[in-house]
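Have a look at the structure below before the remarks.
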Amino acid sequence: MLIGALLRVPAQAIHRRIIAELNAAGFDDLRLPHMAVLQFPGPDGARPGTLADRAGMSKQAMNQLLKSLESCGYLLRSAAPDEGRARLVRLTRRGRAAYARIHDILREIEQEWSEALGPRDFAVLKKLLLRIWVSPAISGLGARDSGLARSRRV
């Protein structure tokens, strides 16, 4: 198998689990497409265009997702102070609660994977993924533009 599938399939499984567990926790209006907004490092304080770039989608498509999340009470879009027409996304209390639950779910998944692979192998996996994440090998694939390369938090 090639690296694309080896990375994509686990990522899709993680997203499906996050949505299923969020739905079970009372966030029943969240769907898989919303993960484009709720993915790390999160939407709070970001511009819609930045979120679109992170997700690899058009600004129009991102604005549809933001509209959906706004109508469900997860976020608000407001004018950026002193920046003309620029807009900023802010999580509401409900949005922060959902985002915190996502973090908890990811910690649970990491624990399960660590048990499945063994703590040493899991630590090596994370270390290698982080190395490639911040390497020049993926700088042209949008990681640097998404803010991910500036963060060591995974």
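Scan Pro43, Pro33 and give me the residue that is in a loop (DSSP other than H, G, I, E, B), touching a Leu at 6+ places or on another chain (Cβ under 8 Å) and under 26 Å from Ala80 (Cβ atoms). Please lay out each step first, then the result.
Details: Pro33 fails: in a loop (DSSP other than H, G, I, E, B).
The match here is Pro43.
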(request) Identify all residues within region 11-43 that are of a type outside the set (A, V, I, L, M, F, W, C) and modelled with pLDDT under 95; write none if there are none. (result) Gln39, Pro41, Gly42
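Can you tell me which residue within region 84-116, out of those that are under 14 Å from Pro48 (Cα atoms) and part of a loop (DSSP other than H, G, I, E, B), is modelled with the lowest pLDDT?
This residue is Arg85.
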(request) State yes or no: is Asn23 among the polar types (S, T, N, Q), in contact with a helix residue (DSSP H, G or I) (Cβ under 7 Å, 6 or more places away or on another chain) and either part of a helix (DSSP H, G or I) or more than 25 Å from Glu112 (Cβ to Cβ) (or both)? (result) no
(message) Residue pairs, Cβ under 6 Å, 6 or more apart or interchain, first in region 42-61 and touching a residue at least 60 places away in the same chain (Cβ under 8 Å), second surrounded by 15 or more Cβ atoms within 10 Å (Cβ to Cβ) and not in a helix (DSSP H, G or I). List them.
(response) Arg54/Ser146
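The values are calculated or read from the model by the stated rules, or taken from the named source; none is laboratory data. Since the model is a prediction, treat every value here as computed from it, not as a measurement. When we count neighbours, we look across all protein chains shown, and the Cβ atoms used for this are built from the backbone with ideal geometry, even at glycine.
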